[in-house]
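What follows draws every value from the coordinates through simple rules; no lab data is involved. As the structure is a computational prediction, the values presented were derived from the model and not from experiment. All Cβ positions, even for glycine, are placed from backbone atoms using ideal geometry, and neighbour counts span all protein chains on display.
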Amino acid sequence: MAALLVVCVTMLAMVSKGLTVPAGARQGRDRLTAEFLTDYLNQQQRLPVQGPVEVPNWPRHDLELGEVAGVDVMPNGDVMIFHRGERSWEADTFDDLTNALPESKRINITRSTLVRLRANSGQVVDSFGANKFYVPHGLTIDKKGNLWLTDVGTDQIFRIPSGQTEPDLVLGEKFVPGNDDTHFCKPTDVAVADNGDFFVADGYCNSRVLKFSSDGALLGKFGMDTRGVGVDSPYSMNVPHSLALIEDLDILCVADRENQRVLCYNAGLGDTKFGQFNRTLVPGGEIGQVYGLAYDPNAAVMYVAALLSQMPVMNRGFSYSPARAFTYDLEGNYLGGWGYISPSEAETGPSIPHDIAVSPNGNDVYIADVLQHAVHKFTEPQNKNYLA
Ligand SMILES: *[C@@H]1O[C@H](CO)[C@@H](O)[C@H](O)[C@H]1NC(C)=O
Ligand SMILES: *[C@@H]1O[C@H](CO)[C@@H](O)[C@H](O)[C@H]1NC(C)=O
């Protein structure tokens with residue numbers, strides 16, 4: 001359902017721009033029409049890239065990835081990818097009434113869903129995670145190198161200790177969606193604090209955020225009960241899809257995907273009360289549906305991955321935004337758009353930048369494209385003006 005929604009919104013956006021909606025655009029990998037492409041690329045060439053520049057031919061070998069849901073960077077700089085192998089999330093993957101993965105769809109993914117690469121060459125140095133996950137979604141790596149994964153197929157959250165392949169912590173009951181303290185519904189992402197507390201974005205059906213201690217004890221939650229809360233309220237989220245913790249400010253930022261905004265709440269690690277609204281980083285509608293967040297403490301900037309958008313960028317001096325990634329400072333000032341789709345990619349079909357990650361030293365940024373089955377590497381994040 002959510003996947004279908006994504007495609008529909010993309011098509012609507014194309015219609016509103018007066019572009020041709022490609023026949024069969026529901027099939028993620030159908031070719032776009034020549035007319036759409038020409039129009040799109042003409043627009044694109046007028047905009048400078050302000051931000052990280054793509055590293056060409058990375059990785060050097062075809063990784064033969066499935067839908068790439070997550071990307072993050074290990075403490076040593078290696079890149080980790082979480083992908084769906086031979087599985088894809090289709091409109092009929094889930095039971096619309098129960099939100100559960102029907103028994104007929106509970107089929108192992110036999111390929112390794114986790115792939116570890118060297119940052120420079122993109123050479124594969126490890127792969128694991130076959131026959132474990134059903135619809136891989138979020139991947140977060142904490143400072144110790146632990147992997148935190150969410151599976152929207154099983155409604156679970158996993159912590160895999162650094163260097164291991166089996167989880168030492170699992171939250172949620174396998175294949176049983178729910179909204180109490182021990183059940184989740186298509187959880188999307190995790191953020192981890194230095195003290196081991198972690199936050200879960202839950203997710204496609206519950207639209208809430210929960211906080212746990214490192215042993216999995218619930219510490220708080222917000223966003224669930226939105227009765228009587230207007231859509232303008234920061235507590236009325238619609239698919240919190242990605243989390244980014246800014247420990248210096250003790251705030252947790254949430255990509256409120258379908259409301260097309262990024263909101264930050266007090267993280268409650270210090271004296272603040274967890275869940276109190278703190279600030280708007282990206283106002284609703286400015287850059288389209290927001291899929292991914294990555295905070296770089298080196299530069300104190302937030303990298304934001306949003307749906308390749310036909311929507312106007314409001315009040316920022318230009319009227320058209322085909323970028324897939326954006327840089328914001330912590331006051332919510334827009335610093336630039338980048339990550340433009342290349343002509344050859346555009347020819348292979350729509351793009352959804354599903355996750356974004358920054359290396360610990362801040363020099364490299366990665367974007368996982370779920371529809372293109374690809375991961376892109378970008379560098380020179382300080383770049384201010386490079387013509388695409
Ligand atoms: C699926 O994977 C599990 C391990 O997680 C294994 O025990 C089981 O035999 C597999 N099922 C099939 C049909 O291969
Ligand atoms: C938001 O966070 C900042 C930085 O921690 C803090 O100084 C400020 O008091 C917070 N604002 C609210 C409304 O909680």
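Descriptive notes on the structure:
- Computed on segment 180-227, the Cα convex hull volume stands at 65 Å³ per residue.
- Pairs spanning more than 30 Å between alpha-carbon atoms, out of LYS174/LYS221; LYS174/LYS377; LYS143/LYS273; LYS144/LYS273; LYS143/LYS174: LYS174/LYS377.
- Separation of the ASP168 and ASN361 label points, Cα + 7 Å toward Cβ, nm: 2.8 nm
- Net length gained if the chain between LYS384 and ASN120 were fully extended (0.36 nm per residue, minus Cα distance): 92.7 nm
- Nearest-0.05 FRET efficiency for GLN276 and SER127, computed from C-beta distance (R0 45 Å): 0.60
- Cross-link reach is defined here as a Cα-Cα straight distance under 18 Å, omitting same-chain residues fewer than 8 places apart; for LYS132 the aspartates and glutamates meeting it are GLU67, GLU86, GLU103, ASP151, ASP155, GLU166, ASP168, GLU173, ASP189.
- From least to most packed, judged by other beta carbons within 10 angstrom and beginning with the fewest, THR327, THR93 follow the order THR93, THR327.
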